[in-house]
Amino acid sequence: MSAAAAAPDDVPAAGRRVAVWRHGTAVPVPPDEPVVTAFDLGLSRGDGVFESVLVTGGRTPWLADHLTRLARSAALLDLTSPGDDAWRALVAAVTGDWPAGTEGVCRLFLTRGTGDDGPPTALALLSAVPADTLVQRTAGISVVALTYGLAADVRAHAPWLLGGAKTLSYAVNMAAQRHAHAQGADDVVFTAVGGELLEGPTSTVVWAAGGVLHTPPVATGILAGTTQARLFARAADVGWPTAVSSGTVADLHAADAVWLLSGIRGAATVHTLDGVPRGDAGLGRQVRELLAR
Ligand SMILES: *Cc1c(COP(=O)(O)O)cnc(C)c1O
């Protein structure tokens, strides 16, 4: 848990890794070498899906959950995935000589390739978890609520809006984070036009209220978070009730604790919401312990 020591500059052996799927094999590639044609539809249209998988102790303990979601995302976009064995071979190709003491983020990308009957593009990248992400795990985050501009129920009946898919079209998500940064905040909670809570640009919202852990319904089109699912399963194991609840920003202000959850960052405690400081009633430590099991 030596967060500060994991900065990439201190770990020359970590660096970056790339592997690409070519002719049925995972091929490791020097990180500076081009692997994608300029005509790739992932580049021109953001037409693809991805996963960010935590590498800890040199291993990827939650890879299976990410592969399940990657397959679901690919199906929602009518993309042909090379399959779990291919993804496992790509992950093995980049993690093979990764130093066990450095936490890494392994990104899996699947795009439509050049279209016209060509194969999809499938590749894996590995780099160290950024130092500021490691800091947010323990220091917590300041968050602003921003509208996503959609009704909470629209994506459930509009499959072309790709609710529930982790797509490469994240320009809006990144713009929302820059908007938050310009206001001095670290991250964002998106809300629907009716005020219902959705998710963060790269994370799931969880709050504790009345002795229950809550998260918004996936019927709103948010991504089903693997970290949230793991937390809720482990909370149930220890008798901590959980619920899928349609909440509002007012519910977050009234909550005992609020977190943004994702595989790489874990549970980041929200210590400030729309400029208002808030506590975590000592629950942040419990949540992080449950996730670390
Ligand atoms: C990746 C992501 C999450 C978090 O998913 P995990 O499986 O917990 O890492 C949540 N929401 C969005 C929009 C995401 O992109």
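The values are calculated or read from the model by the stated rules, or taken from the named source; none is laboratory data. This structure is a prediction, so every number in the text was calculated from the model and none was measured. Here the Cβ is made from the backbone with ideal geometry for all residues, glycine too, and neighbour counts use every protein chain on show.
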All positions within segment 227-246 that are buried (at least 22 other Cβ atoms within 10 Å of the Cβ) and in contact with a helix residue (DSSP H, G or I) (Cβ under 8 Å, 6 or more places away or on another chain): 227, 231
Those residues that are farther than 19 Å from residue 192 by Cβ and among the aliphatic types (A, V, I, L, M), I need them from segment 206-244; list them, please. 208, 209, 212, 213, 229, 231, 233, 235, 236, 238
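Just the residues that are of a type in the set (Ser, Thr, Tyr) and over 19 Å from residue 278 (Cα atoms), please, taken from segment 204-224. Give the derivation first.
If we filter segment 204-224 for residues that are of a type in the set (Ser, Thr, Tyr), which is where we start, we get 204, 215, 220.
Across segment 204-224, the qualifying residue is only 220.
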Mind checking whether some residue in segment 138-149 is closer than 30 Å to residue 289 by Cβ, at pLDDT below 95 and either within 15 Å of the ligand (Cβ to nearest atom) or more than 14 Å from the chain's Cα centre (by Cα) (or both)? yes
Inside segment 250-272, can you point out the residues that are aliphatic (A, V, I, L, M) and either crowded, with 20+ Cβ neighbours inside 10 Å or assigned to a loop (DSSP other than H, G, I, E, B) (or both)? 252, 255, 257, 258, 260, 261, 264, 267, 268, 270
Complete set of residues in segment 201-225 that are within 14 Å of the ligand (Cβ to nearest atom) and either part of a loop (DSSP other than H, G, I, E, B) or surrounded by fewer than 21 Cβ atoms within 10 Å (Cβ to Cβ) (or both): 201, 202, 203, 216, 217, 218, 221, 222, 223, 224, 225
Suppose we filter segment 46-70 for residues that are without any contact (Cβ under 8 Å) to a residue 24 or more places away in the chain and more than 20 Å from residue 83 (Cα to Cα); how many remain? 0
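Each row is one residue, and each column tells you yes or no for (1) more than 18 Å from the chain's Cα centre (by Cα); (2) of a type outside the set (A, V, I, L, M); (3) not assigned by the TED database to the domain that holds residue 62.
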{"site": "103", "(1), (2), (3)": "no, yes, no"}
{"site": "106", "(1), (2), (3)": "no, yes, no"}
{"site": "113", "(1), (2), (3)": "yes, yes, no"}
{"site": "119", "(1), (2), (3)": "yes, yes, no"}
{"site": "125", "(1), (2), (3)": "no, no, no"}
{"site": "159", "(1), (2), (3)": "yes, yes, yes"}
{"site": "185", "(1), (2), (3)": "yes, no, yes"}
{"site": "202", "(1), (2), (3)": "no, yes, yes"}
